[in-house]
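Written below as structure tokens is the structure these notes are about.
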């Protein structure tokens, strides 16, 4: 009769239901809300955030946590209690008033960003962004004091528990010295290739039909989710009602398609979290790097695999009719083209980490108060030139305003993308070792992912947050921690040594 643990579980179940409403309201804000609904929606979401924060900060929780630690819990319950303690420590650290202020500021900034970005309007964006940054800095300071880590680590900890600046600098430091050389080698190699561009237009209705067909092939459960359109692709909702979005452009086919595949990876993870713990912390996704490992596994390891592109080529021809550019060989060359560009979400697999390095270095300086928001565009231009050789001066729309993360106050998230890519490469290598490379290649070629999904379900999806990230990784990898060599070998193999 674990009285105190049961009190905690009842509270978590209530929080899950409130978070459900918050997720759906946020999805509606990004997809269907009327233009004039921003202010009232911001206030409603702030009110809901305040209620959730007050519940999390219930003074009885501390006593329940202490007493529950002495109760007779099984292994999963112990893990659940561990996650409850971690959540409570973070929630207790930040005043409810600050949580509500930040929510209003983020909602307003994000809502107006959707208009300011297309207008290339940095100055008006800055008016909303500066107060949001101040609130994020205040939040980071509260969390830093409570957790005894740096302010930037405190923000990263919300997405990737336990991640330190030292660890990320080790990983990114290696990448920073190795990546520029790889980019130059691949660009030089591909200069000799002849590639046909796809000839549009590609009607939105047909694009969406193609995306839905590939989502089905990748196992998306349409009884527990849906696809919609938004300014910025994302995955939201709850495990039994997952909402993913993409953006369509009649002159572009591959970007919406692979953006949808990316979000499908997020969705499959959510839809396959352990149902028996659906409203408990232990039943939630482990961390955002693990979440990104699923989206990037689907997009890069499967979707962009030269063998799976044959299946995609067939579906494209079925949807839009034949053209030479849709051939398997040409499509494989198009998808693997490495060309430094402005837009992160449209970047190729090789230059993508450079986009993350740019954002990581800027936002860390911002949170460490080594720069102010007004300086971001000039710092952005400098780093775009350094990492990618691109002059972005004056192009705020495709530069500093392109991502939704900063308008929403999501500082500390960006490193998760590259960590996720590294995990994804490691998962794929494990599958090749377990089943044999030839067997996995054949399954990918046939679009038969049963063995792959079974492994992901058993080693990642169904485990939720039972294990912490390092332990989850070691258990899935036969005792191996995150090993960046798998990622580097994957990029070199696909882009330097592939015949396509």
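No lab work stands behind these numbers, since they all come straight from the coordinates. What you see is a predicted model; the values in this text were computed from it and never measured. Here the Cβ positions follow ideal geometry from the backbone for every residue, glycine too, while neighbour counts run over all protein chains shown.
Results, tabulated for the structure shown:
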{"quantity": "Nearest 10 degrees, 0 to 90: helix 59-68 Cα axis against the chain principal axis", "calculated": "80"}
{"quantity": "Estimated FRET transfer efficiency (residue 43, residue 147; beta-carbon r; R0 35 Å; 0.05)", "calculated": "0.70"}
{"quantity": "Normalised contact order of the chain, rounded percent, pairs of Cα under 8 Å and 6 or more residues apart", "calculated": "18"}
{"quantity": "Rounded Å value of the spacing that divides the Cα centres of segment 11-76 and segment 240-295", "calculated": "20"}
{"quantity": "Two-decimal log10 I(q)/I(0) for segment 3-148, as the Debye equation yields it once each C-alpha is a single scatterer, q = 0.10, 0.12, 0.16, 0.17 Å⁻¹", "calculated": "-0.45, -0.61, -0.93, -1.00"}
{"quantity": "Between segment 302-364 and segment 372-446, the Cα center-to-center distance that results, in Å", "calculated": "13"}
{"quantity": "Normalised contact order of segment 328-434, rounded percent, pairs of Cα under 8 Å and 6 or more residues apart", "calculated": "25"}
{"quantity": "DSSP-defined beta bridges in the chain - what % are antiparallel, rounded to 5", "calculated": "55"}
{"quantity": "Whether segment 278-356 is rounded, prolate or oblate, judged on the alpha carbon gyration tensor where a/c under 1.5 counts as rounded", "calculated": "oblate"}
{"quantity": "Angle in degrees between helix 254-271 and the longest Cα principal axis of the chain, rounded to the nearest 10", "calculated": "40"}
{"quantity": "Rounded FRET efficiency, nearest 0.05, which uses the C-beta distance separating residue 188 from residue 493 and R0 of 25 Å", "calculated": "0.90"}
{"quantity": "Relative frequency of Cα-Cα separations exceeding 25 Å in segment 302-426, percent", "calculated": "38"}
{"quantity": "Relative contact order of segment 3-148, defined on C-alpha pairs under 8 angstrom at six or more residues apart (%)", "calculated": "29"}
{"quantity": "Cα gyration tensor shape for segment 208-272, rounded if a/c is under 1.5, else prolate or oblate", "calculated": "prolate"}
{"quantity": "Likely footprinting exposure, 138, 193, 263, fewest C-beta neighbours within 10 Å first", "calculated": "193, 138, 263"}
{"quantity": "Over 18 Å [Cα-Cα, segment 380-452], rounded percent", "calculated": "63"}
{"quantity": "Likely footprinting exposure, 423, 159, fewest C-beta neighbours within 10 Å first", "calculated": "159, 423"}
{"quantity": "Calculated FRET efficiency for the pair residue 474/residue 249, C-beta based, R₀ 41 Å, to 0.05", "calculated": "0.45"}
{"quantity": "Largest to smallest principal axis extent of the C-alpha atoms in segment 122-165, angstrom", "calculated": "36, 17, 13"}
{"quantity": "Estimated 222 nm signal from helices in the chain, with DSSP H stretches of n ≥ 4 weighted -39500 (n - 2.57), rounded to 500", "calculated": "-20500 deg cm²/dmol"}
{"quantity": "Quotient of Cα Rg and 2.2 N^0.38 Å for the chain, N being how many residues it contains", "calculated": "0.96"}
